[in-house]
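Q: I'd like to ask some things about the structure below.
Please treat every number below as a calculation from the coordinates, not as lab data. All of these numbers come straight from a predicted model, not from anything done at the bench. Note that each Cβ is placed from the backbone with ideal geometry, even for glycine, and that neighbours are counted across all protein chains shown.
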Amino acid sequence: MSQEEQENLEESQAETQEQAEVETPEEEIQKEKTPEVDPLEAALAEAADYKDKYLRAHADFENSKRRLEKDKMNAVSYANESFAKDILAVMDSFENALTSMNSNEEGEDVIKNIKEGVNLTFEQLKKILEKNSIKEVDCSGEFDPEVHQAIMQVESDEHKEGDVVQVMQKGYTIKDRILRPAMVSTCK
């Protein structure tokens with residue numbers, strides 16, 4: 001390459017470089033519109049935004065937690081409400097029986113009415129217990145330590161060893177759990 005060509009090449013490179021260094025009016029306007037943002041300030045703003053979102057989510061969670069706790073307390077406090085309402089009918093029957101005992105009727109009629117009232121009240125109570133999944137423990141046959149509690153052993157010619165001879169107090173289950181075991185005597 002001749003010296004003249006080399007000088008022309010250097011001049012053209014210098015011109016190209018000068019053109020690249022000179023900003024066009026559009027680039028100047030663009031720079032004015034978007035001011036340079038300090039990365040630290042941008043990071044702080046983003047952190048503040050995340051903190052705000054976190055605080056709001058945490059407050060929402062705490063409110064939900066309090067609401068659920070209140071609902072749980074109400075559920076526990078009023079869990080037996082329907083059972084209690086059912087028992088009130090039995091209470092009314094007992095009050096009617098007591099009132100009829102104080103009436104001026106003659107002896108045999110009063111006793112007959114009281115027996116009938118007590119039997120009806122007992123049947124009413126059994127139905128309420130069954131409605132609420134409370135059932136008597138079966139005490140016939142062999143002793144079952146899961147549902148029976150042996151309080152004494154007796155001798156009996158009519159029963160096999162380990163069989164329930166007598167029920168001292170009935171036991172009850174609620175659904176699949178023992179509410180109270182039956183107190184029984186067993187055969188030696």
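Q: Give me Rg/Rg_expected for region 133-188, where Rg uses Cα atoms only and Rg_expected = 2.2 N^0.38 Å with N residues. Numbers along the way, then the final one.
A: On the way: Rg = 11.2 Å, N = 56, 2.2 N^0.38 = 10.2 Å.
Relative to the rule-of-thumb radius for its length, region 133-188 sits at 1.10.
Q: Counting other Cβ atoms within 10 Å of each Cβ, which chymotrypsin sites (Phe, Trp or Tyr not before Pro) in region 31-81 have at most 12 and sit in a DSSP loop? Don't skip to the answer; put the middle values down first.
A: Working: sites: TYR50, TYR54, PHE61, TYR78; in loops: TYR78.
Here the chymotrypsin sites (Phe, Trp or Tyr not before Pro) that fit, given the DSSP loop and packing criteria, are TYR78.
Q: Could you work out the helix-only [θ] at 222 nm for the chain, with each DSSP H run of four or more residues adding -39,500 (n - 2.57) and the total divided by the number of residues, to the nearest 500 deg cm²/dmol? Can you show the working numbers first?
A: Details: 5 runs with 113 residues, N = 188.
Value at 222 nm, helices only, nearest 500: -21000 deg cm²/dmol.
Q: Can you tell me, using C-alpha contacts under 8 Å and at least 6 residues apart, the relative contact order of the chain as a whole percent? Present the calculation step by step, with values, prior to reporting the outcome.
A: Values: 144 pairs, mean separation 25.9, N = 188.
Rounded, it is 14 percent for the chain.
Q: Take the Cβ-Cβ distance between GLN149 and ARG66 as r, set R0 to 41 Å, and report the resulting FRET efficiency rounded to the nearest 0.05. It would help to have the intermediate numbers written out before the result.
A: Details: r = 44 Å, r/R0 = 1.06.
Efficiency at R0 = 41 Å is approximately 0.40.
Q: Could you give the Stokes-Einstein D for region 86-188 in µm² per second, using the C-alpha Kirkwood radius, 20 °C, 1.002 mPa s?
A: On the way: Rh = 16.0 Å.
Reported coefficient: 134 µm²/s.
Q: On to the next question. For the chain, place one equal point scatterer on every Cα, skip the solvent, and apply the Debye formula. What is log10 of I(q)/I(0) at q = 0.08, 0.11, 0.19 Å⁻¹?
A: So the normalised log intensities are -0.65, -0.89, -1.22.
Q: Still on this structure, I have one more. Could you check which residue among GLY171, GLY117, GLY141 shows the biggest mean-square fluctuation in a GNM of the chain with a 10 Å Cα cutoff?
A: The residue with the greatest mean-square fluctuation here is GLY141.
Q: I would also like to ask the following. I want to verify a result. In a Gaussian network model of the chain, Cα cutoff 10 Å, which of these has the top mean-square fluctuation: GLU36, GLU62, GLU11?
A: Residue with maximal mean-square fluctuation among GLU36, GLU62, GLU11: GLU11.
Q: Still on this structure, please answer the following. Angle, helix 107-131 long axis vs. longest principal axis of the chain, Cα atoms, 0 to 90°, nearest 10?
A: 30
Q: Expressed in nm², what is the orientationally averaged projection area of the convex hull enclosing the Cα positions of region 52-132?
A: Values: hull surface 29.0 nm².
If I average the Cα hull's projected area over directions, I get 7.3 nm².
Q: Compute the angle between helix 81-101 and the longest alpha-carbon principal axis of the chain, please, reported from 0 to 90 degrees and rounded to the nearest 10.
A: 20
Q: If the elastic network links every pair of Cα atoms under 10 Å, which of SER12, SER156, SER140 fluctuates the most in the Gaussian network model of the chain?
A: Highest fluctuation of the listed residues: SER12.
Q: Continuing with this model, one more query. What dipole magnitude, in Debye to the nearest 20, does the chain give about its Cα centre under +1 on Lys/Arg Cβ and -1 on Asp/Glu Cβ?
A: On the way: 23 positive and 45 negative charges, 681 e Å.
Computed about the Cα centre, the dipole is about 3280 debye.
Q: Round to the nearest 10 and give me the degree value, 0 to 90, for the angle of helix 3-21's Cα axis relative to the longest principal axis of the chain.
A: The helix 3-21 is inclined about 40 degrees to the chain.
Q: Now for a different question. Any chance you could count the Lys pairs in region 107-188 whose alpha carbons are under 20 Å apart, treating pairs 8 or more apart or on different chains as valid?
A: 13
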